[in-house]
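**Student:** I have a structure I would like to understand better, so I am pasting it below and will then ask my questions one at a time.
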Amino acid sequence: MSTDHPSKNGLAIEFRNVSYSFAEGSELISSLNLQVHRSETLVLLGRSGSGKTTTLKLINALASPTAGEVFVEGRSTSQWNTIRLRRGIGYVIQDAGLFPHFTVEQNIGLVPTIENWPADRIRQRVIELLQVVGLDASLASRYPRELSGGQRQRVGVARALAADPPILLMDEPFGALDPITRAELQREFLALQRRLEKTVVFVTHDLREALLLGSRIALMEAGKLVAALPPDEFVRSTDPLVKQYLDAFGELPTTNGNRGCA
Amino acid sequence: MNVFQFISQNRTEVLELTLEHLWMVGISTLLAVIIGIPLGILITRRPALNKPVIGSANIIQTVPSLALFGFLLPVPWIGARADRLAILALTLYALLPLIRNTYAGIKGVDGSVIEAGRGMGMTDRQLLFQVELPLALGVIIAGVRVAAVISVGLATIAAAIGAGGLGEYIFRGLAMVNNQLILAGAIPAAALALLCDVSLGWLERRLGTRAIVPQS
């Protein structure tokens, strides 16, 4: 797959010397410099506690940098109206975070509703999105706990796409699913991404998932960026930390070239 | 004459005292809801206020009821009428369960749900009214239930300061060493407490599970 050239596409997100630390002083992110190009899928890879989720939250201002700046669409997150910024960014988290007291339809229609779209337009959009994520329209009136894990995660993706945001943040969205459902959702994600061409930042600790989905992989370790490379270069990297991560996963049959044959 | 004969012979008076009792309990619980729920919400937003607010409500709870009635007696306007005084005292007692349950209910909402809402750009207000309060409702109603049941019991003591209610019979019976009379106050009061418990328990289950079990 060819990655779109950055100079043609410009930057959707940029981290400039970003650090993030708790009040007590322990640094979770230190001097991070990272660029996310428009329409690419950047995978943030790393072990637990490496700072990948925090990095994600710095993009939609769920966390604010203690030093440096994060630019979204060319504007620093400190300059953005936080609510406007977040409504322009789709957000998918591990166990979907669906509202248990909302139906599927209400969940998917959440951002359009708080954006005051007319009811019939919301309804239409919900039906359209259910189809996009491969769910039957009859599920619209169900409650989240009546769905399977895979269905819930699809609803989570549909909800993030509702207001057609240009940027999508996904925090281990398929982490809690069984391997078969996960493979299915990964394939569908790829197909969807080819069609919608969103800018996606995807957090995972699973190297296979990273190689399958990412147009670039950014490996993080202890709050620092180790390397950000396309999958084929990533597997050939000589960086000791990258090698260590690769070794931990053993032999690697899947690279970007033969994706899809699961 | 047994107690039931006494009640049926004096049914208008029993009914009147029961209604007085219910009035005191109802108004004080309502006031406690109006004050307690916003206070409970406030301390989820301002953690620094948590200890002082819960602490004060706790201290009030430890003051013996007769003493509290006595303390409030010199307060202007309030102390002028016994029923006002009784309602204020009952309200103060009912605050703790309401504040605590509102706080616990909101804090008990799944963190990933809150984060998803925040991440999608819900304002604090939208998050509170559309997510946190609906999901905390069952726990909050449980607090109302506890408050109401406690109030029914405490309201009997309000008769000591002349606020009326079913405590009238109890205090009269104590003074006259007449067990029938004491029971004539105690039995309807116990029945009221049970009624509050059952009806609010029903409401708690209905509203609390709405979030979990879909309505058909």
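The values are calculated or read from the model by the stated rules, or taken from the named source; none is laboratory data. Only a predicted model underlies this, so the values are computations on that prediction, with no experimental measurement involved. Quick reminder, even Gly has a Cβ in these numbers, built from the backbone with ideal geometry, and neighbours come from all protein chains shown. Heavy atoms of the whole protein, side chains included, go into the accessibility calculation; ligands, DNA and RNA do not. Shrake-Rupley method; radii C 1.70, N 1.55, O 1.52, S 1.80 Å.
**Student:** Under a 1.4 angstrom probe, counting protein chains only, how are A:Arg145, A:Arg154, A:Arg16, B:Arg84 ranked by accessible area, largest first? Present the calculation step by step, with values, prior to reporting the outcome.
**Tutor:** On the way: A:Arg145 140, A:Arg154 25, A:Arg16 115, B:Arg84 60 Å².
The most accessible residue leads, giving A:Arg145, A:Arg16, B:Arg84, A:Arg154.
**Student:** Measure off, as a whole percent, the carbon and sulfur share of the 1.4 Å-probe accessible area of the stretch B:80-216, all protein chains present.
**Tutor:** Ligands and nucleic acids excluded, carbon and sulfur give 63 percent.
**Student:** Express the accessible area of chain A per residue in Å², computed with a 1.4 Å probe while the remaining protein chains stay in the model.
**Tutor:** Working: 11580 Å² over 262 residues.
Ligands and nucleic acids excluded, the result is 44 Å² per residue.
**Student:** How many Å² of accessible area per residue for the stretch B:30-101, probe 1.4 Å?
**Tutor:** Ligands and nucleic acids excluded, the figure is 51 Å² per residue.
**Student:** How high is the relative contact order of chain B, in percent, with contacts defined as C-alpha pairs under 8 Å that are six or more residues apart? The partial results should precede the final answer.
**Tutor:** Working: 273 pairs, mean separation 57.2, N = 216.
Relative contact order, chain B: 26 percent.
**Student:** For chain A, calculate the relative contact order in percent as a whole number, restricting contacts to Cα pairs under 8 Å that are 6 or more residues apart.
**Tutor:** Answer for chain A is 26 percent.
**Student:** What ratio of Cα Rg to 2.2 N^0.38 Å holds for the stretch A:95-157?
**Tutor:** Here the answer is 1.01, to two decimals.
**Student:** Next question. At 10 °C and 1.306 mPa s, what whole-number value in µm²/s does Stokes-Einstein give for the translational diffusion of the stretch B:122-169, with Rh from the Kirkwood sum over Cα pairs? List each step's numbers first, then the result.
**Tutor:** Working: Rh = 13.1 Å.
Reported coefficient: 121 µm²/s.
**Student:** Suppose we keep just the alpha-carbon trace of the stretch B:29-145; what are its Rg and Dmax in angstrom?
**Tutor:** In order Rg, Dmax, the Cα atoms of the stretch B:29-145 give 16.7, 54 Å.
**Student:** Ok, one more. In Å, the Kirkwood hydrodynamic radius of chain A over pairs of distinct alpha carbons? Don't jump to the answer; show the numbers that get you there.
**Tutor:** Values: mean 1/r = 0.0528 Å⁻¹.
With all distinct Cα pairs of chain A included, I get 19.0 Å.
**Student:** Let a ≥ b ≥ c be the square roots of the eigenvalues of the Cα gyration tensor of the stretch A:167-230; is it rounded (a/c under 1.5), or, if not, prolate (a/b larger than b/c) or oblate?
**Tutor:** Judged from the Cα gyration tensor, the stretch A:167-230 comes out oblate (a/c at least 1.5, b/c at or above a/b).
**Student:** A follow-up question, please. With all protein chains present and a 1.4 Å probe, how do A:His37, A:His205 order by accessible area, largest first?
**Tutor:** A:His205, A:His37
**Student:** Averaged over A:55-64, how many beta carbons belonging to a partner chain fall within 10 Å of each residue's beta carbon? Don't jump to the answer; show the numbers that get you there.
**Tutor:** Values: counts 0, 1, 2, 0, 0, 4, 3, 3, 0, 0.
Mean partner-chain Cβ count within 10 Å for A:55-64: 1.
**Student:** Moving on. If you place +1 on the Cβ of every Lys and Arg, -1 on the Cβ of every Asp and Glu, and leave all else neutral, what size is the dipole of the protein assembly as shown about its Cα centre, to the nearest 20 Debye?
**Tutor:** Numbers: 44 positive and 40 negative charges, 107 e Å.
Here the protein assembly as shown has a charge dipole of around 520 debye.
**Student:** Quick one: Kirkwood hydrodynamic radius for the stretch A:132-175, alpha-carbon pairs, angstrom, one decimal?
**Tutor:** Computed over Cα pairs of the stretch A:132-175, the Kirkwood hydrodynamic radius comes out at 11.4 Å.
**Student:** Of the residues A:Gly90, A:Gly250, A:Gly49, which exhibits the maximal mean-square fluctuation in a Gaussian network model of chain A defined by a 10 Å Cα contact cut-off?
**Tutor:** A:Gly250
**Student:** Still on this structure, please answer the following. Just the number: Rg to Rh for the protein assembly as shown, Cα atoms, Kirkwood Rh, two decimals.
**Tutor:** Reported Rg/Rh (Cα atoms, Kirkwood Rh): 1.15.
**Student:** Say we join alpha carbon atoms closer than 10 Å with springs in a Gaussian network model of chain A; which of A:Thr113, A:Thr238, A:Thr55 then has the biggest fluctuation?
**Tutor:** Its mean-square fluctuation being the largest, the pick is A:Thr238.
**Student:** Hey, can you list the residues from the stretch B:104-137 whose accessible area shrinks by 30 Å² or more with all protein chains present, relative to the chain by itself (probe 1.4 Å, no ligands or nucleic acids)?
**Tutor:** With the partner chains in place, the stretch B:104-137 has these residues losing at least 30 Å²: B:Ser112, B:Val113, B:Glu115, B:Ala116, B:Arg118, B:Gly119, B:Met120, B:Gly121, B:Met122, B:Gln126, B:Gln130, B:Leu135.
**Student:** Straight-line reach only, C-alpha to C-alpha below 16 angstrom: list the aspartates and glutamates that A:Lys243 could link to, leaving out same-chain residues fewer than 8 apart.
**Tutor:** In chain and number order, the partners are A:Asp206, A:Glu221, A:Asp232, A:Glu233, A:Glu251.
**Student:** In square angstrom and rounded to 100, what buried accessible area do you get between chains A and B, total over both, with the probe at 1.4 Å?
**Tutor:** That pair hides around 1900 Å² of surface in total.
**Student:** Now for a separate question. Determine the shielding of peptide A:155-165 by partner chains: average, over its residues, the number of Cβ atoms on other chains within 10 angstrom of each Cβ.
**Tutor:** Whole-number average of other-chain Cβ neighbours for A:155-165 is 1.
**Student:** Considering the convex hull of the alpha carbon atoms of the stretch B:165-206, report its projected area averaged over all viewing directions, in nm², one decimal.
**Tutor:** In nm², the orientation-averaged hull projection of the stretch B:165-206 is 2.7.
**Student:** State the answer as a single residue: which of A:Pro231, A:Leu196, A:Pro173 lies farthest towards the positive end of the charge dipole of the protein assembly as shown, with beta carbon charges of +1 for Lys and Arg and -1 for Asp and Glu, about the Cα centre.
**Tutor:** A:Leu196
**Student:** Can you give the Rg and Dmax of the stretch A:32-79 based on its C-alpha atoms, in angstrom?
**Tutor:** My reading of the Cα-based Rg and Dmax gives 11.1, 32 Å.
**Student:** How large is the Kirkwood hydrodynamic radius of chain B, in angstrom, based on all distinct alpha carbon pairs? Don't jump to the answer; show the numbers that get you there.
**Tutor:** Details: mean 1/r = 0.0530 Å⁻¹.
Final number for the Kirkwood radius of chain B is 18.9 Å.
**Student:** How much accessible surface does B:Met120 have with a 1.4 Å probe, in Å² rounded to 10?
**Tutor:** For B:Met120, solvent-accessible area is about 10 Å².
**Student:** Further, regarding this structure: Among B:Val146, B:Val25, B:Val131, which one shows the highest mean-square fluctuation when chain B is modelled as a Gaussian network with alpha-carbon springs under 10 Å?
**Tutor:** Taking springs between Cα atoms under 10 Å, the residue moving most is B:Val131.
**Student:** Mind listing the long-range amide H neighbours of A:Lys224? Cut-off is under 5 Å, sequence gap 5 or more, other chains count too, H placed in the peptide plane at 1.01 Å from N.
**Tutor:** Amide H to amide H, under 5 Å and 5 or more residues apart or across chains, A:Lys224 pairs with A:Ser30.
**Student:** Moving to a separate point now. About its Cα centre, how strong a charge dipole does chain B have in debye, to the nearest 20, once Lys and Arg get +1 and Asp and Glu get -1 at the Cβ?
**Tutor:** Roughly 460 debye, rounded to the nearest 20.
**Student:** Longest segment of chain A with no GluC sites (Glu not before Pro) in a DSSP loop having at most 11 other Cβ atoms within 10 Å?
**Tutor:** Free of exposed loop sites, the longest segment is A:25-250.
**Student:** Between the stretch A:177-202 and the stretch A:96-152, how many Å separate their Cα centres?
**Tutor:** Using only Cα atoms to place each centre, the spacing works out to 18 Å.
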